[in-house]
Amino acid sequence: MWEDGDVRLSVVPVIALLAAIVLPGAGATQATERPWLDTSRPIEERASALIAEMTLDERIGQMTQLEMGSVDSAGVASLHLGSVLSGGGGAPTRNDVTDWREMVAAYQDAALSTRLAIPMLYGVDAIHGHNNVRGATIFPHAIGLGAAGDPALVERVARATAEEMVATGIRWDFAPVVAVPQDVRWGRTYEAFGEDPTLVSELGAAAIQGLQGTDLADPTAVLATPKHFLGDGGTAFGSATTGDYLLDQGVTDVDEVTLRAIHLPPYEAALAAGARIVMASFSSTRDGKVHADHRLLTDLLKGELGFTGFVVSDWAGVDQVHPDFDTAVAMAISAGIDMVMVPYDGQRFQDAVRAGLTTGTITQDRIEDAVRRILRVKLEMGLFEHPMPPATDPSVVGSAVHRALAREAVARSAVLLATDGSLPIDPDDTVLLVGSGASDIGAQSGGWTITWQGGRGAITPGTTIADALRDRIGGRLLAVGPAAGAEGLLADVGVVVLAEEPYAEGVGDSATLAIRTGGFLDQLRPKVDRLVVVLLSGRPVLLDEVLASADVVIAAWLPGTEGAGVVDVLVGEAPFGGTTPFTWPRTPDDARRTGKAPCDGARFPRGYGLTTDGTPLGPAACP
Ligand code: GLC
């Protein structure tokens with residue numbers, strides 16, 4: 001009986017010989033004409049062999065990423081595209097799993113129809129589930145996962161997200177955000193895990209491991225993209241220059257030591273976790289736009305940290321580098337951007353690259369390095385062997401198993417900020433439920449849900465807090481919504497769900513940190529014995545009015561489609577275990593935290609949260 005190893009070792013030459021005889025040309029074609037397809041060769045050798053075959057147009061094509069609304073299959077082929085993306089809300093017409101998979105497959109077929117058949121990479125922002133897809137499980141945004149603070153939970157959520165992405169044919173996620181926000185007035189606060197570099201490092205690495213798994217060549221592995229390098233969460237209030245933004249895409253005006261101490265650790269952890277793509281930040285440092293910063297993108301990331309994957313620009317981020325587009329392209333690529341999320345006019349971008357090569361502002365070596373990095377990642381993930389992932393069961397998208405996981409994450413992310421002991425809602429309590437977020441999946445989900453900015457209402461299938469409470473306590477839920485304001489109605493418990501209006505990126509930058517109470521507190525207070533306020537927000541918000549009226553205050557962040565997780569902590573089916581991952585400022589002016597002591601200008605320090613009976617889970621509330 002041969003040992004297993006012997007069998008492998010002794011028969012291989014015979015098989016290869018047979019293959020060469022029986023399949024004339026097969027072995028030869030792979031071995032000679034297209035050696036980059038020979039998986040027995042080292043990745044570097046395969047990349048070199050392919051690059052040697054590529055024309056300049058084909059090389060520049062690999063560096064080009066266009067959005068799906070700006071390119072059809074013919075364009076993918078004619079421009080030799082390396083990648084196509086869906087921006088926020090970039091969905092096919094029917095926006096169902098089959099439609100998504102057919103769309104991605106059509107783009108891939110076009111890429112494979114080109115002379116060298118280099119497969120394209122399709123990328124999407126799946127930052128809290130596969131959030132562009134109607135019917136997908138929408139998990140709590142990262143701020144909630146930061147409040148739960150459990151890397152294992154983050155990894156499970158990321159893996160579930162990857163499973164839903166693969167069902168639609170997509171293996172590249174522009175996530176996780178590993179920003180370390182230093183001012184919660186930033187509209188992207190909720191996309192991040194917290195203000196502490198160590199927490200962000202741990203949870204960012206867990207998200208990457210969940211998405212990528214243990215073997216990137218597994219056709220169900222999804223590429224992660226830690227973003228946005230470097231310092232996106234540290235911009236100063238009022239430094240933004242994009243539209244009417246206040247902080248987003250502004251200037252991270254700190255010294256090198258602070259930049260490295262706060263914003264770099266998550267990338268060191270991300271690379272150690274196996275990240276192969278990094279997205280550059282729109283923001284600037286004191287040295288100027290990150291998208292044109294050779295010191296950060298090349299010397300630090302690729303040199304000092306030894307990053308061998310590729311850097312992708314942000315959405316038209318290159319355009320912001322210089323008023324002259326050709327100059328901007330040359331500056332960004334020379335600084336270390338390898339793939340450009342153009343995302344509209346591919347021809348114009350490719351012409352700009354050729355112009356740069358002609359004038360010498362871009363070198364052939366830089367182009368070859370960028371292409372090598374892109375091909376390296378495509379080869380590592382087995383994209384040449386599996387241009388499309390397996391056609392898994394479409395019902396995995398929005399599956400009961402994933403929704404149960406999301407419900408668990410929602411309950412574990414809830415933070416009890418204040419209580420007089422009024423929770424849990426008892427089995428015989430009567431309840432009135434009001435508030436702008438009481439019956440609204442869109443309010444529960446926030447931005448980056450179905451559309452870029454998100455939106456109010458029944459935007460995708462899910463369970464509202466009202467649905468879940470009605471399921472749980474039946475007729476003891478006396479009323480929901482404005483009707484609850486009718487005179488004379490009395491109940492043991494009033495629940496007011498206050499919600500921020502959905503927003504994304506700089507659109508959500510806030511000078512006030514206000515959350516609309518809409519008169520619900522005054523309306524309900526005199527009608528109930530115990531008043532509970534649930535906050536649906538992407539960040540800490542001002543609490544003066546709420547704390548003056550409520551007996552209980554809960555931060556539920558942006559829980560997503562599974563509102564039952566909020567009810568689980570309200571009725572005591574799940575314990576309160578969450579702690580705020582951001583310092584809770586007393587006023588907007590106290591929001592900037594860099595260099596401040598935990599309770600300097602703060603109501604609650606980072607890590608604060610209570611158990612149901614009011615016992616602190618971490619540090620005490622600020623004096
Ligand atoms: C956006 C975001 C970035 C996202 C990209 C594609 O502007 O800054 O996080 O991945 O564009 O949607």
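Every number in this text was worked out from the coordinates using simple rules, so none of it is lab data. Computed from a prediction, not measured in an experiment: that's the story for all the values here. Using ideal geometry, Cβ is built from the backbone for each residue, glycine included, and neighbour counts are taken over all protein chains shown.
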Candidate lysines - alpha carbon under 27 Å from Lys227, same-chain residues fewer than 8 apart omitted
Lys289, Lys302, Lys378, Lys596
Please list log₁₀ I(q)/I(0) at q = 0.18, 0.20, 0.21 Å⁻¹ for segment 561-623, using the Debye equation with identical point scatterers on the alpha-carbon positions.
-0.70, -0.79, -0.83
Which percent of Cα-Cα pairs in segment 95-223 sits in each 10 Å bin, short to long?
13, 40, 30, 13, 3
Please express the Cα-Cα pair-distance distribution P(r) of the chain as a list of whole percents, one per 20 Å bin, running from 0 to the bin with the greatest distance.
20, 50, 24, 6, 0
Could you list, bin by bin from short to long, the percent of Cα-Cα pairs of segment 215-360 in 5 Å steps?
2, 10, 18, 22, 19, 14, 9, 4, 1, 0
With r defined as the distance between the Cβ atoms of Leu305 and Arg525 and R0 fixed at 60 Å, what FRET efficiency is calculated, to the nearest 0.05?
0.65
Taking the alpha carbon gyration tensor of segment 274-420, what are the square roots of 5 times its eigenvalues, largest first, to the nearest whole Å?
36, 23, 16
Helix 4-22 sits at what angle to the longest principal axis of the chain, using alpha carbons and giving 0 to 90 degrees rounded to 10?
50 degrees
Where Rh is the Kirkwood radius over Cα pairs, Rg/Rh for segment 400-604
0.95
Using a Förster distance of 25 Å, how high is the FRET efficiency between Asp218 and Glu102, based on the Cβ-Cβ distance and rounded to 0.05?
0.60
Peptide ranges 184-196, 329-341, 73-85, 541-553 listed from the most packed, as the mean C-beta count within 10 angstrom indicates
184-196, 329-341, 73-85, 541-553
Pull up the DSSP beta bridges for the chain and report the antiparallel fraction as a percent, rounded to 5.
25 percent
For the peptides 611-619, 299-307, what is the packing order when you average, over each peptide's residues, the other Cβ atoms within 10 Å and list the highest mean first?
299-307, 611-619
Based on DSSP, what percent of beta bridges with both residues in segment 400-604 are antiparallel, to the nearest 5?
25 percent
Stokes-Einstein diffusion coefficient for segment 329-485 at 20 °C in a medium of 1.002 mPa s, Rh from the Kirkwood formula over Cα pairs: what value in µm²/s?
100 µm²/s
Going by average Cβ neighbours within 10 Å, how do the peptides 465-475, 426-436, 129-139 rank, with the highest at the top?
129-139, 426-436, 465-475
